[in-house]
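A.B. asks: Got a structure here, written out as structure tokens. Questions coming.
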Amino acid sequence: MAAASTLNSRLRVLVAKTFRAEKLYNSIPNAQSERLTNVSALAQSANDIRAKEWQRTHYQLRIALNEVLNVGNSSTLVENIVALRERFHARAEESADAVELGVESITDTAARHEFAHIFRLSVEMIRHKARAQASRIVMEELTAVLESSGRSLNPEEALKRLEQQEAVRQAAKEVVETPMPSNVIPLRRRFAVGGRGR
């Protein structure tokens with residue numbers, strides 16, 4: 001009888017502890033968790049992430065195109081557009097690679113039963129996939145603009161020209177910035193003072 005009453009009292013203590021724990025967890029805001037367990041709300045969150053990436057990509061395209069147009073140099077217009085296209089191509093490839101790595105990471109994380117971490121990784125994968133898709137679309141749009149204007153240019157050739165232009169600019173900058181040694185008289189001054197060149 002005593003054993004039964006001891007067990008009974010211990011169960012009552014456990015009930016009291018459970019009630020306190022229930023009140024504690026109930027006091028924590030859980031509107032977000034309710035939303036995350038709702039399938040349609042999860043789908044809406046995924047759509048919001050995708051829309052934000054597409055909006056950001058198009059914003060970056062608009063800014064870059066305005067910069068190209070503001071230069072106003074028709075001779076470098078094609079090269080600049082091709083370089084812009086290649087930038088978005090690289091961005092698409094980078095995000096596609098991130099998705100591939102993310103899939104492997106999710107698989108490894110699932111094997112360890114770290115489901116909260118999987119959730120975070122999944123959100124990142126949604127973002128990277130949307131970025132890759134949006135960047136590819138931008139790349140295709142820029143290609144269509146170039147082709148429709150009859151001004152297509154090989155990407156390697158365009159990048160090579162841009163590198164050459166940058167090298168020329170850098171060389172000119174170095175010439176301007178290179179100080180003249182103090183013990184050397186410039187050729188023009190030497191002739192002005194009656195000296196002779198050899």
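A.B. asks: Taking the condition at pLDDT 90 or above, more than 30 Å from GLU147 (Cβ to Cβ) and touching a Lys or Arg at 6+ places or on another chain (Cβ under 7 Å), does ILE126 pass?
C.D. replies: Answer is yes for this residue.
Residue-wise test of (1) polar (S, T, N, Q); (2) within 21 Å of GLU93 (Cα to Cα); (3) not in a helix (DSSP H, G or I).
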{"position": "GLU124", "(1), (2), (3)": "no, yes, no"}
{"position": "ALA130", "(1), (2), (3)": "no, yes, no"}
{"position": "VAL138", "(1), (2), (3)": "no, yes, no"}
{"position": "THR143", "(1), (2), (3)": "yes, yes, no"}
{"position": "GLU147", "(1), (2), (3)": "no, no, no"}
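A.B. asks: Further, regarding this structure: ARG62: of a type in the set (D, E, K, R) and under 23 Å from SER149 (Cβ atoms), yes or no?
C.D. replies: yes
A.B. asks: Mind checking which residues of the stretch 1-37 are modelled with pLDDT of 80 or more and of a type in the set (Ser, Thr, Tyr)?
C.D. replies: THR6, SER9, THR18
A.B. asks: Mind checking which residues of the stretch 39-90 are of a type in the set (Gly, Ala, Ser) and outside any helix (DSSP H, G or I)?
C.D. replies: Selection gives GLY72 alone.
A.B. asks: Within the stretch 119-135, can you find the residues that are of a type in the set (Gly, Ala, Ser) and within 16 Å of ASN47 (Cβ to Cβ)?
C.D. replies: Scanning the stretch 119-135 gives SER122, ALA130, ALA134.
A.B. asks: Of all residues in the stretch 38-79, which are among the polar types (S, T, N, Q) and modelled with pLDDT under 85?
C.D. replies: ASN38, SER40, ASN73, SER74, SER75, THR76
A.B. asks: If GLY72 satisfies every condition in (1) under 17 Å from LEU146 (Cα atoms); (2) in contact (Cβ under 8 Å) with a residue 12 or more places away in the chain but one, which is the exception?
C.D. replies: Answer for GLY72: the failing condition is (2).
A.B. asks: Given the residues ALA116, ALA167, ALA132, which is the only one that is modelled with pLDDT of 80 or more and loosely packed, with under 12 Cβ neighbours inside 10 Å?
C.D. replies: None of the others qualify; the one that does is ALA116.
The values are calculated or read from the model by the stated rules, or taken from the named source; none is laboratory data. This one's a predicted model, so the numbers in the text were calculated from it and none came from an experiment. Positions of Cβ are backbone-derived with ideal geometry, glycine not excepted, and every protein chain shown enters the neighbour counts.
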